[in-house]
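Values in this text are rule-based calculations from the coordinates and carry no lab data. In this text, all values refer to a predicted model and were calculated from it rather than measured experimentally. Here the Cβ positions follow ideal geometry from the backbone for every residue, glycine too, while neighbour counts run over all protein chains shown.
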Amino acid sequence: MKRTFQVCLLAALWLLPMAALPQTAPLTRDQERERLRTTLNRVGALSDVNVSFRQSDKQPWNFVGQVTSGLKNAESLEVVLSVTEDHTIHLRVYPHFKGGYINVGKATDSPGLARKLLNMNYHTFFYWGADDDGDIYGGYKFTLESGYPEESIQIVLRSIRNTDQFIGSLRPFVDGSAAAQ
Amino acid sequence: MKTTVKICLLALLALLPLMAVAQTAPLTRDQERERLRGTLERYGARDDVSINFRQSDKNPYNFVGVATTGLKNAQSFEVVVGVGESHTISVRVYPRYNGGYMNLNKARDQVGLMRKLLNLSHHNFFYWAADDDSDIYAIFNFTLESGYPDESMGIVLRSVRNNDQFVGELRQFMDGSAPAP
């Protein structure tokens, strides 16, 4: 009897971690948001990220933050992370330049800018998109079907500041200026 | 003494599955390719994917396949799934239209096409890019820092055919034609 109990205990202990792991996969949208909140608090405090994220007042599934230091081309980078209805997290980095967003329709060389952005999507880690107002941003999309991608989100957040060098390569199309050295 | 050995054994057994799981995370590029090969064979055979992937002769880290059935606007989709050097996997979908790739330079309304592509990237699961020859394609990128995303790959592969409706929206800019009903 004692031996049977010991064997059962061994089996239960062996299976316990395995049983815990699958439970982490299918999160609800609320749970995804809370995981993201924790990630943003932790990673946002890293020196190479240095962004204070807060939940958006207008859209409760969004977190917003601002990068203002260490930029040579953009005045600032407005960072928006959205938890969507269908198990994705969408990161968007809107560059601020000369007092506003960069708009694909208002650029000095609008066709050149659009072509440059589409070709940058071939070469760079972030993709470039234009929202319904024509304002452009660097983006990244995560799918959560394989679990919450904590490490991948960290890698992407640490890449936000790299966007500034690409703003430099867009400046000739936006207002004819050269990239900052 | 006998009890101590039992406790150590219990602890070791309890930790074993977790240790095994941790070992699956940092794959080499070759290991990532072999995982991908298995994923593509499995999902490629599904009715809602139906793509026979094969390793590229030119680039051993690429798998290529063609989707030909169930399309109303594109003649076919050339699908290239590549394992990157820095723990990434990209799924690129090149639409074939009117006997060739869709090329920015061959569009009737180039500016309209480029702006549409940038805005489609804002709304869609895939984003759009133009390679150095100006051929356009839809793409989804995975980072593997959080492990190999098998289920997410399945979702993306099952979404490849959805790009046909967006090719329909691009037709007016390519040659002035309307999307297939």
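Taking N as the number of residues in chain A, what is its alpha-carbon radius of gyration divided by 2.2 N^0.38 Å?
On the way: Rg = 21.4 Å, N = 181, 2.2 N^0.38 = 15.9 Å.
For chain A, the normalised Cα radius of gyration comes out at 1.35.
Which FRET efficiency value, to the nearest 0.05, is calculated for A:Thr84 and B:Ser86 with the Förster distance at 35 angstrom and r the Cβ-Cβ distance? Spell out each step's value before the answer.
Numbers: r = 26 Å, r/R0 = 0.74.
Plugging the Cβ-Cβ distance into 1/(1 + (r/R0)^6) gives 0.85.
Given a Förster distance of 51 angstrom, what is the FRET efficiency for A:Asp109 paired with B:Asn162, based on the Cβ-Cβ distance and rounded to 0.05?
For R0 = 51 Å, the calculated efficiency reads 0.95.
Report the Stokes-Einstein translational diffusion coefficient (µm² s⁻¹, integer) for segment B:99-151, Rh taken as the Kirkwood radius over Cα pairs, at 25 °C with viscosity 0.890 mPa s. Walk me through the intermediate numbers first.
Values: Rh = 12.7 Å.
It diffuses with D of about 193 µm²/s by this estimate.
Find out how many positive minus negative residues lie around A:Asn50, taking Lys and Arg as positive, Asp and Glu as negative, among other residues whose Cβ is under 12 Å from that of A:Asn50.
+1
Please give the charge dipole size of segment A:28-181, origin at the Cα centre, charges +1 on K and R Cβ atoms and -1 on D and E Cβ atoms. Round to the nearest 20 debye.
Dipole magnitude for segment A:28-181 comes out near 380 debye.
Taking the Cα centroid of segment B:44-121 and of segment A:34-49, what is the distance between the two, rounded to the nearest whole Å?
Using only Cα atoms, the two centres lie 35 Å from each other.
Tell me, what is the percent relative contact order of segment B:28-174, built from C-alpha pairs under 8 Å that lie six or more residues apart?
Relative contact order, segment B:28-174: 23 percent.
Quote the relative contact order of chain A in percent (integer), defining contacts as alpha-carbon pairs under 8 Å separated by 6+ residues. Walk me through the numbers before you get to the answer.
Values: 252 pairs, mean separation 36.8, N = 181.
It comes to 20 percent, rounded to a whole number.
Would you calculate the separation in nanometres between label points at B:Asn52 and B:Ala180, each defined as 7 Å from the Cα along the Cα-to-beta-carbon direction?
2.1 nm
Lys/Arg Cβ at +1, Asp/Glu Cβ at -1, dipole of chain A taken about the Cα centre: which of A:Ala107, A:Gln181, A:Gln59 is farthest positive-ward?
A:Gln181
Farthest toward the dipole's positive end in chain B, which of B:Gly176, B:Val81, B:Pro95, given Cβ charges of +1 (Lys, Arg) and -1 (Asp, Glu) about the Cα centre?
Among B:Gly176, B:Val81, B:Pro95, the one farthest towards the positive end of the dipole of chain B is B:Val81.
Do me a favour and compute the ellipsoid semi-axes for segment A:40-121 from its Cα gyration tensor, root of five times each eigenvalue, largest one first, whole Å. Don't skip to the answer; put the middle values down first.
Values: eigenvalues 128, 61, 30 Å².
So the equivalent ellipsoid measures 25, 17, 12 Å along its semi-axes.
Note down the magnitude of the dipole of chain B about its Cα centre, charges +1 on Lys and Arg C-beta and -1 on Asp and Glu C-beta and zero elsewhere, to the nearest 20 debye.
With Lys and Arg at +1 and Asp and Glu at -1, about 400 debye.
At 222 nm, what helix-only mean residue ellipticity would chain B give, in deg cm²/dmol to the nearest 500, using -39500 (n - 2.57) for each DSSP H run of four or more?
-13000 deg cm²/dmol
If R0 is 25 Å, what FRET efficiency do you get for A:Ala45 and A:Ser177 from their C-beta distance, rounded to 0.05?
0.15
Quick one: net charge around A:Arg92, please, counting Lys, Arg +1 and Asp, Glu -1 for every other residue with C-beta under 11 Å from its C-beta.
Computed value for this residue: -2.
Taking K and R as +1 and D and E as -1, what net charge do the other residues with C-beta under 13 Å from the C-beta of A:Asp135 add up to?
Every neighbour counted, the sum reads -1.
Once the Cα atoms of the protein assembly as shown are picked out, what are the Rg and Dmax in Å?
23.5, 85
Output the pairs from B:Lys72/B:Lys106; A:Lys106/B:Lys116; A:Lys58/A:Lys106; A:Lys141/B:Lys72 with a Cα-Cα distance over 23 Å in this structure; if there are none, say none.
Those over the limit are A:Lys58/A:Lys106; A:Lys141/B:Lys72.
With +1 on each Lys and Arg Cβ and -1 on each Asp and Glu Cβ, how big is the dipole of the protein assembly as shown about its Cα centre, in debye rounded to the nearest 20?
For this selection, approximately 840 debye.
List, in order, the whole-Hz ³J(HN,Hα) value for each residue of segment A:159-170 obtained from phi through the Karplus relation with A = 6.51, B = -1.76, C = 1.60 and θ = phi - 60°; use x for Gly and Pro.
Per residue, the Karplus-derived 3J(HN,Hα) values read 9, 4, 5, 4, 4, 4, 5, 6, 4, x, 6, 8 Hz.
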